[in-house]
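**Student:** Sharing a structure below in structure tokens format, with a few things to ask.
The values are calculated or read from the model by the stated rules, or taken from the named source; none is laboratory data. If you're wondering where the values come from, they're calculated on a predicted model, not measured in any experiment. FYI the Cβ positions are ideal-geometry reconstructions off the backbone, even for glycines, and counts take in every protein chain you see. Please note that ligands, DNA and RNA were not included when accessible areas were found on the heavy atoms of the full protein model with its side chains. Shrake-Rupley method; radii C 1.70, N 1.55, O 1.52, S 1.80 Å.
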Amino acid sequence: MPLGEHTCSQVRRERTVAVPLGAFEQHGPHLPLDTDTRIAEALARRLPGTVLAPSIAYGASGEHEGFPGTISIGSDALRTILVEYGRSACRWAERVVFVNGHGGNLETLISAVTLLRYEGREVAWLPCAVPGADAHAGRTETSLLLCLSPEVVDFARAEVGNTDPIEELLPRLRAGGVAAVAPNGGLGDPRGSTAAEGAAILAQMCARSVAALGRWQPNSNGMLA
């Protein structure tokens with residue numbers, strides 16, 4: 001039962017609270033603005049021994065602000081939200097794990113979790129990541145959405161984005177955002193995406209995350225490894 005459906009008398013203090021952390025940003029012409037949040041929720045929902053908290057559905061998405069629909073709250077606001085969330089939840093929860101679906105949140109997430117851990121709170125984070133995934137609105141995310149929410153994927157509008165290695169794109173990305181390197185908003189090739197591939201990606205993501213959660217050994221950045 002999700003945390004929001006509990007009464008305060010039903011909340012078990014020894015539980016780990018799983019908090020999906022997403023974003024509200026463009027995902028090319030074929031994927032919804034809440035793609036990252038949907039993926040983070042899907043992973044968080046599958047973590048055993050946790051209670052699912054409502055998502056934090058806005059993040060640091062300044063690199064996508066060249067596209068309509070994107071809403072970014074910026075790094076400063078996001079850090080404040082994460083720190084105060086962790087402080088409050090840890091008054092009654094044994095542990096808090098943020099499940100992050102947006103790469104642009106990473107620097108801020110690490111900063112917030114590092115502070116919370118310095119303060120003595122059992123807070124960590126997990127990435128919605130698998131080896132070999134493309135960067136944004138490509139085959140990986142499209143396959144995941146075809147598995148999780150096929151009704152929101154407008155596959156007829158899918159277009160090939162910039163498929164250059166992300167390492168080569170970073171200087172231009174940092175200077176001008178995604179629009180400077182990919183006018184259609186995609187950093188990958190969604191062609192060939194399937195729900196079956198999405199299910200396999202999700203299973204791999206879950207297996208890695210469940211194992212890391214069970215070990216509960218945050219690294220120097222607060223990530224469960």
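**Student:** Any idea what angle helix 195-215 forms with the longest principal axis of the chain, computed on alpha-carbon atoms, 0 to 90 degrees, nearest 10?
**Tutor:** The angle comes out near 30 degrees.
**Student:** Would you mind counting up the charge near Ala180? Only other residues with Cβ under 15 Å from its Cβ, with Lys and Arg at +1 and Asp and Glu at -1.
**Tutor:** Combined, the nearby Lys, Arg, Asp and Glu give -2.
**Student:** Same structure, new question: What does a probe at Ala207 reach in the range 43-70, counting residues whose amide N is under 20 Å from the point 7 Å along Cα→Cβ?
**Tutor:** 43-49
**Student:** Heavy-atom accessible area of Thr194 with all protein chains present, probe 1.4 Å, nearest 10 Å²?
**Tutor:** We get 60 Å² for Thr194.
**Student:** Run through every distinct alpha carbon pair of the range 121-201 and return the Kirkwood hydrodynamic radius in angstroms, one decimal place.
**Tutor:** After inverting the mean inverse Cα-Cα distance, the result is 13.7 Å.
**Student:** On the full set of protein chains, 1.4 Å probe, figure out the accessible area of Phe24 and give it in Å² to the nearest 10.
**Tutor:** In the full protein context, Phe24 sits at about 60 Å².
**Student:** Another one. Nearest 10 degrees, 0 to 90: what angle lies between the long axis of helix 139-148 and the longest principal axis of the chain (Cα atoms)?
**Tutor:** 60 degrees
**Student:** Considering all alpha-carbon pairs of the range 1-132, what whole percent are spaced by more than 23 angstrom?
**Tutor:** 31 percent
**Student:** Between Asp164, Asp154, Asp134, which gets the highest mean-square fluctuation from a Gaussian network model of the chain, Cα cutoff 10 Å?
**Tutor:** Top of the fluctuation ranking is Asp164.
**Student:** Follow-up. Starting from one equal scatterer on each C-alpha and no solvent at all, send me the Debye-based log10 I(q)/I(0) for the range 72-140 at q = 0.14, 0.22 Å⁻¹, two decimals.
**Tutor:** For the range 72-140 at q = 0.14, 0.22 Å⁻¹, log10 I(q)/I(0) is -0.46, -0.92.
**Student:** Follow-up. Using helices alone, what [θ] at 222 nm do you get for the chain, with -39,500 (n - 2.57) per DSSP H run of 4 or more residues, divided over all residues and rounded to the nearest 500?
**Tutor:** Helix contribution divided over all residues of the chain: -11500 deg cm²/dmol.
**Student:** The range 45-122: which trypsin sites (Lys or Arg not before Pro) are DSSP loop and have at most 10 other beta-carbon atoms within 10 angstrom?
**Tutor:** Passing sites in the range 45-122 are Arg91.
**Student:** How do Leu106, Leu47 rank by accessible surface area computed with a 1.4 Å probe, from largest to smallest?
**Tutor:** Greatest to least solvent exposure: Leu106, Leu47.
**Student:** Say we join alpha carbon atoms closer than 10 Å with springs in a Gaussian network model of the chain; which of Gly62, Gly101, Gly192 then has the biggest fluctuation?
**Tutor:** Gly192
**Student:** Looking at the range 132-221, which trypsin sites (Lys or Arg not before Pro) are DSSP coil and have at most 12 other C-beta atoms within 10 Å of their C-beta?
**Tutor:** Here the trypsin sites (Lys or Arg not before Pro) that fit, given the DSSP loop and packing criteria, are Arg191.
**Student:** On to the next question. What GluC sites (Glu not before Pro) does the range 1-91 have in DSSP loop regions with at most 12 other beta carbons within 10 Å?
**Tutor:** Of the GluC sites (Glu not before Pro), the ones in loops of the range 1-91 whose Cβ has at most 12 other Cβ atoms within 10 Å are Glu14.
**Student:** Given a 1.4 Å probe and heavy atoms of the protein chains only, how would you sort Tyr118, Tyr85, largest accessible area at the top?
**Tutor:** Tyr118, Tyr85
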